[in-house]
Structures are given as C-alpha cells and as structure tokens.
Amino acid sequence: MFHFGLATSDETAVELAARLRAHRLLQNLQQSELAARAGISRKTLTTFEHSGKVSLDVFLRIVAALGLSESLSPLFEPRQKSIRDMELAAQQRQRASRKRK
C-alpha cells in the first residue's frame, strides 16, 4: 500500500499517474481515446503516465475524462473532531491569525 504521507512529491505524482492509467485500462480506453476526450495530445498523456509530470489543468482534464471528478470531492476537506470544531468550521475563517513574534 502506498503511503502519501511518507512519499516525495515525485513519488506521489508517479503513483497518481499509475492509478489513472489503471482506470484508463479498466475502461478499456486507448491512450489516443483518452487524450482526445481530455483535449490533450497523446504524447502529453504518455509522458504523464510514465513520469507523473503534468500541469494541474491537464491532470484535472484527465480525471474528468475518466469520469473520476467526484473522487476529488473529499480531498482536503477540513476534518472536525468535536462539536466545537464543527461550530468553528461553520464560521469559515476569512484569513489566518497574525503570528506573534
């Protein structure tokens, strides 16, 4: 099992690319088909699948073309541990507190 918390950013990028490649193969899509759906070149998709290197825009296009956009919903959601945390989260901060020196 891959541990995102222990991985470098390069390792994380390669893992995400491998997971999206696995979804492409599960959907029986050729690289050219997925690239066309995502509005990118096949070469860009090939590079991404091997290296994980791609812009955020292209990454999101690939995710959407695979029908996986809803999988992004739980990412980075603040987690509340208590009722007090939930109340504070409902207030939605506008800026961070000033750091004291």
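Side notes on the structure shown:
- For Val54, the stated conditions do not hold, so it cannot be described as assigned to a helix (DSSP H, G or I), closer than 20 Å to Leu72 by Cβ and in contact with a helix residue (DSSP H, G or I) (Cβ under 9 Å, 6 or more places away or on another chain).
- Unmet requirement for Ala89, which otherwise passes all of (1) at pLDDT 85 or above; (2) touching a Pro at 6+ places or on another chain (Cβ under 6 Å); (3) hydrophobic (A, V, I, L, M, F, W, C): (1)
- Considering the range 50-84, the residues that are of a type in the set (S, T, N, Q) and farther than 22 Å from Leu29 by Cβ include one that is surrounded by the most Cβ atoms within 10 Å (Cβ to Cβ), namely Gln80.
- Across the range 69-77, a minimum of one residue is classified as part of a loop (DSSP other than H, G, I, E, B) and among the aromatic types (Phe, Trp, Tyr).
- Taking the range 1-50 as the range and being outside any loop (DSSP other than H, G, I, E, B) and touching an Asp or Glu at 6+ places or on another chain (Cβ under 6 Å) as the test, the residues that pass are Ala17, Arg21.
- Scope the range 1-56; condition free of Cβ contacts under 8 Å to residues at least 40 places away in the same chain and acidic (Asp, Glu); matching residues: Glu11, Glu15, Glu33, Glu49
The values are calculated or read from the model by the stated rules, or taken from the named source; none is laboratory data. These numbers come from a predicted model, not from an experiment. Here Cβ is always computed from backbone atoms with ideal geometry, including for glycine, and neighbour counts include all displayed protein chains.
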